[in-house]
Amino acid sequence: MQRRPLLAGLALVPLAAHAAPLPDLAALEREAQGRLGFFAIDTAGGRTLGHRADERFATASTFKILLAARVAHGVDGGRWRWEDEVALSAGDRVPHAPAFDRLLPRGRATLAALVQGIVVESDNPCANVLLRHCCGSPAGLTAWLREQGDAVTRLDRWETELNENAPGDERDTSTPRAFAKTLQHLLLGPGLTRASQARLWADLQASRTGLQRLRAGVPDAGWRVIDKTGTGSRGAINDVALVFPPGGRAPWVVVALQSGSGASTDALSAVHAGAMRWLVKAWS
């Protein structure tokens with residue numbers, strides 16, 4: 001995948017002290033009858049828009065882009081290589097295993113294939129295998145995030161228990177602001193090498209799980225959105241994305257997390273699309 005020239009000198013842009021409110025998101029939230037957390041960063045100058053930006057939400061499978069970045073960080077540091085292989089066993093299998101089921105007959109898989117599995121297809125057993133191999137445990141991923149400057153995001157459980165989203169439970173949660181800042185650091189800033197960023201961008205682009213979420217809210221094909229979704233219990237319908245406006249403008253980081261609604265997945269996915277439409281209107 002070709003890197004955009006605008007990123008050649010892009011540094012991590014400081015955030016404004018406070019996110020400006022986006023009242024239209026409150027209307028979307030009322031329609032969904034749940035909570036909507038939202039935070040967007042325009043990396044051209046650091047302007048932000050947010051709603052419930054510092055409230056905790058279950059991350060569900062959006063954590064997998066952070067896990068993929070952890071693997072990439074280890075490659076960048078020479079700890080392992082993309083071609084390194086990890087043993088697989090039938091006992092690793094948990095529900096939603098499209099990539100794992102293809103890889104299992106060989107009994108081994110490369111780190112590159114496992115990362116593709118978790119980002120492109122949101123494969124659950126591939127995520128558990130990577131957590132065990134590269135982090136030791138979910139808590140190991142949390143510890144690495146602390147090293148990256150994220151004092152908020154946490155992973156406590158394995159797939160699929162982490163999708164429980166019980167009321168008041170802070171396990172396996174983040175805030176929209178914290179998640180967005182970490183994405184900016186890892187995928188656009190100094191957190192990873194350009195080569196690793198390009199690899200993860202390509203995997204995000206190849207994912208099709210978010211076609212009805214943030215991607216559905218941009219006006220036309222001149223916009224590009226690459227994203228990672230997450231879906232859990234109690235209305236945890238999430239999407240985190242890099243958004244590339246037309247005309248070579250600097251990318252936006254957008255995080256949208258939901259909880260507490262009994263509406264259908266399709267209806268809550270439409271909330272993401274609506275939030276993106278409002279963001280485009282606000283910043284265009």
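The values are calculated or read from the model by the stated rules, or taken from the named source; none is laboratory data. In this text, all values refer to a predicted model and were calculated from it rather than measured experimentally. Every residue, glycine as well, gets a Cβ built from its backbone with ideal geometry; the counts of neighbours run over all protein chains shown. Note: areas computed on protein heavy atoms with side chains; ligands, DNA, RNA excluded. Shrake-Rupley method; radii C 1.70, N 1.55, O 1.52, S 1.80 Å.
Below are the figures for this structure:
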item: Mean-position separation - Cα centroids, the stretch 176-204 and the stretch 107-160, in angstrom; result: 15
item: Helix 265-283 axis, angle to the chain major axis (alpha carbon atoms, nearest 10°); result: 60
item: Value of [θ]222 nm, deg cm²/dmol, for the chain, DSSP H segments ≥ 4, -39500 (n - 2.57) each, nearest 500; result: -10500 deg cm²/dmol
item: Folded to 0 to 90 degrees: helix 194-206 orientation relative to the chain principal axis, Cα; result: 80
item: For the stretch 131-284: relative contact order, % (alpha-carbon pairs under 8 angstrom, 6 or more apart); result: 18
item: Answer label for semi-axes √(5λ) of the Cα gyration tensor in Å (calculated), chosen among (i) 45, 32, 17; (ii) 35, 21, 16; (iii) 28, 22, 17; result: (iii)
item: Bins of 10 Å, starting at 0 and running to the largest distance - Cα pair percent for the stretch 20-140; result: 12, 34, 24, 21, 9, 0
item: Using distinct alpha-carbon pairs, which all enter the 1/r mean, Kirkwood radius of the stretch 175-240 in Å; result: 13.1
item: Dimensionless Rg ratio for the stretch 140-284, taking C-alpha atoms and the 2.2 N^0.38 Å reference; result: 1.05
item: All-pairs alpha carbon distance profile, the stretch 139-200, 5 Å steps from 0, percent; result: 4, 17, 23, 22, 19, 10, 4, 1
item: Extension gain (nm, one decimal) between ASP156 and ARG132, 0.36 nm per residue minus Cα-Cα; result: 7.4 nm
item: Heavy-atom accessible area order for GLU159, GLU121, largest first, 1.4 Å probe; result: GLU121, GLU159
item: Accessible surface of the chain, 1.4 Å probe, proportion on carbon and sulfur as whole %; result: 53
item: Contact order normalised by residue count of the chain, Cα under 8 Å, 6+ apart, percent; result: 26
item: Label point distance in nm, TRP283-ASP54, each placed 7 Å from Cα along Cα→Cβ; result: 2.2
item: Between 0 and 90°, nearest 10: helix 63-76 axis offset from the chain longest Cα axis; result: 60
item: Residues of the chain: accessible area per residue with a 1.4 Å probe, Å²; result: 39
item: Spacing of the two label points (7 Å from each Cα toward its C-beta) at ARG171 and ALA267, in nm; result: 2.9
